[in-house]
Amino acid sequence: MKRSLFGRLWPNVTAVVLFIVCVFPVYWMFATAFKPTGDIISETPVWFPTDVTFEHFRTATDADHFWTYVRNSLTVTCLAVLFSLIIALAGSFALARMRFRGRRGFVIGFMLAQMAPWEVMVIAIYMIVRDASMLNSLVPLTAFYMMMILPFTVLTLRGFVAAVPKELEESAMVDGCTRAQAFRRVILPLLAPGLMSTSMFGFITAWNEFPLVLVLNKEAGGAQTLPLWLSSFQTQFGDDWGATMAASSLFAVPILILFVFLQRRAVSGLTAGAVKG
């Protein structure tokens, strides 16, 4: 009886501990953003903010070029995700449905590209962009972000396309659809979970990227993005931790909204019972 109780108890206790370890830094970030400066620098930790203040958020949003950085981050991230999805839809369909020479090599190439650390190519990327006279521009940043998330997107969508029964596509073509129409009207709606999960991964990857924008876009107020903005809250007396935590909270809000919105809709089993009888 005791052994059975222990067997049921320890997974729950482990899950609670892991949950606390993962969630506490996020809570501390948001809590610190609402604390007065005195509570933040106090030697005695203030676990729950009592005197709530929005001064740190005002400091963060009043920083130079804040809204420019917001616009740049949204533009680069959304365009990179959109272009990668368009290209990955065609590539994943070809890899999952068609048989051609070199198909396995393409898959291995995407896997190698996914495993390769992009940081080792920063110098080469900088030299390419510099020689093209495109430093401090959003165009190369968008292109390289798209290439960063494209391998994962292709490989993930390939699995979703392969999971869609071929009978659905064939029955649509028997009913008069071309292959492109069958893909658009039948297969594409069934790829919604894959599109949402890959979009979420791509958005988080591009939204959080720091080294590349640090190297390519050094001019303040030009084509910089929010990750560089987070490193700007320093005074002659040191780091402004209240403003830093408020800025980090603002930076995390779009990711949280995206996760809540897509997580509810990323359902499985959309193909169940869809084959015509």
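The values are calculated or read from the model by the stated rules, or taken from the named source; none is laboratory data. Quick caveat: nothing in here was measured; it's all calculated off a predicted structure. Quick reminder, even Gly has a Cβ in these numbers, built from the backbone with ideal geometry, and neighbours come from all protein chains shown. Just the protein is used for accessible areas: all its heavy atoms, side chains included, with ligands, DNA and RNA removed. Shrake-Rupley method; radii C 1.70, N 1.55, O 1.52, S 1.80 Å.
Among the residues of segment 207-224, at least one is open to solvent by 40 Å² or more (accessible area, probe 1.4 Å), under 24 Å from residue 146 (Cβ atoms) and modelled with pLDDT under 75.
Every condition in (1) over 24 Å from residue 254 (Cα atoms); (2) not in a helix (DSSP H, G or I) is met by residue 64 except one, and the failing one is (1). For segment 25-58, filtering for residues that are modelled with pLDDT under 85, of a type outside the set (Asp, Glu) and not in a loop (DSSP other than H, G, I, E, B) leaves 3. Is one or more of the residues making up segment 45-57 under 23 Å from residue 226 (Cα atoms), open to solvent by 50 Å² or more (accessible area, probe 1.4 Å) and free of Cβ contacts under 8 Å to residues at least 40 places away in the same chain? Yes, segment 45-57 contains a residue that is under 23 Å from residue 226 (Cα atoms), open to solvent by 50 Å² or more (accessible area, probe 1.4 Å) and free of Cβ contacts under 8 Å to residues at least 40 places away in the same chain.
So, residue 130, is that one under 17 Å from residue 87 (Cβ atoms), at pLDDT 80 or above, assigned by the TED database to the domain that holds residue 82 and open to solvent by 40 Å² or more (accessible area, probe 1.4 Å) or not?
Values: under 17 Å from residue 87 (Cβ atoms): no; at pLDDT 80 or above: yes; assigned by the TED database to the domain that holds residue 82: yes; open to solvent by 40 Å² or more (accessible area, probe 1.4 Å): yes.
For residue 130, the condition - under 17 Å from residue 87 (Cβ atoms), at pLDDT 80 or above, assigned by the TED database to the domain that holds residue 82 and open to solvent by 40 Å² or more (accessible area, probe 1.4 Å) - is not met.
Scan segment 30-38 and tell me whether some residue there is among the small types (Gly, Ala, Ser), under 23 Å from residue 147 (Cα atoms) and either in contact (Cβ under 8 Å) with a residue 24 or more places away in the chain or assigned by the TED database to the domain that holds residue 198 (or both).
In the first step, residues of segment 30-38 are kept if they are among the small types (Gly, Ala, Ser); the result is 31, 33, 38.
Then keep just the ones that are under 23 Å from residue 147 (Cα atoms); that gives none.
No, because not a single residue in segment 30-38 is among the small types (Gly, Ala, Ser), under 23 Å from residue 147 (Cα atoms) and either in contact (Cβ under 8 Å) with a residue 24 or more places away in the chain or assigned by the TED database to the domain that holds residue 198 (or both).
Just one residue in the set 81, 70 is under 13 Å from residue 146 (Cβ atoms), assigned by the TED database to the domain that holds residue 146 and either β-branched (Val, Ile, Thr) or not in a helix (DSSP H, G or I) (or both); that residue is 81.
Test residue 139 against the stated conditions and say whether it is surrounded by 14 or more Cβ atoms within 10 Å (Cβ to Cβ) and modelled with pLDDT of 80 or more. Reasoning before the result, please.
Details: surrounded by 14 or more Cβ atoms within 10 Å (Cβ to Cβ): no; modelled with pLDDT of 80 or more: yes.
So residue 139 fails the test.
Of the residues making up segment 115-159, those that are outside any helix (DSSP H, G or I) and in contact (Cβ under 8 Å) with a residue 40 or more places away in the chain number 3. Residues in segment 149-166 that are over 20 Å from the mean Cα position of the chain (by Cα), open to solvent by 10 Å² or more (accessible area, probe 1.4 Å) and of a type in the set (A, V, I, L, M): 162, 163.
Residue 180 - would you say it is out of contact with any His (no Cβ under 6 Å at 6 or more places or on another chain), assigned by the TED database to the domain that holds residue 247, within 20 Å of residue 94 (Cα to Cα) and open to solvent by 70 Å² or more (accessible area, probe 1.4 Å)? Write out each step before concluding.
Working: out of contact with any His (no Cβ under 6 Å at 6 or more places or on another chain): yes; assigned by the TED database to the domain that holds residue 247: yes; within 20 Å of residue 94 (Cα to Cα): yes; open to solvent by 70 Å² or more (accessible area, probe 1.4 Å): yes.
Answer is yes for this residue.
Taken over segment 188-220, the residue count meeting the criterion of being within 17 Å of residue 157 (Cβ to Cβ) and part of a loop (DSSP other than H, G, I, E, B) is 1.
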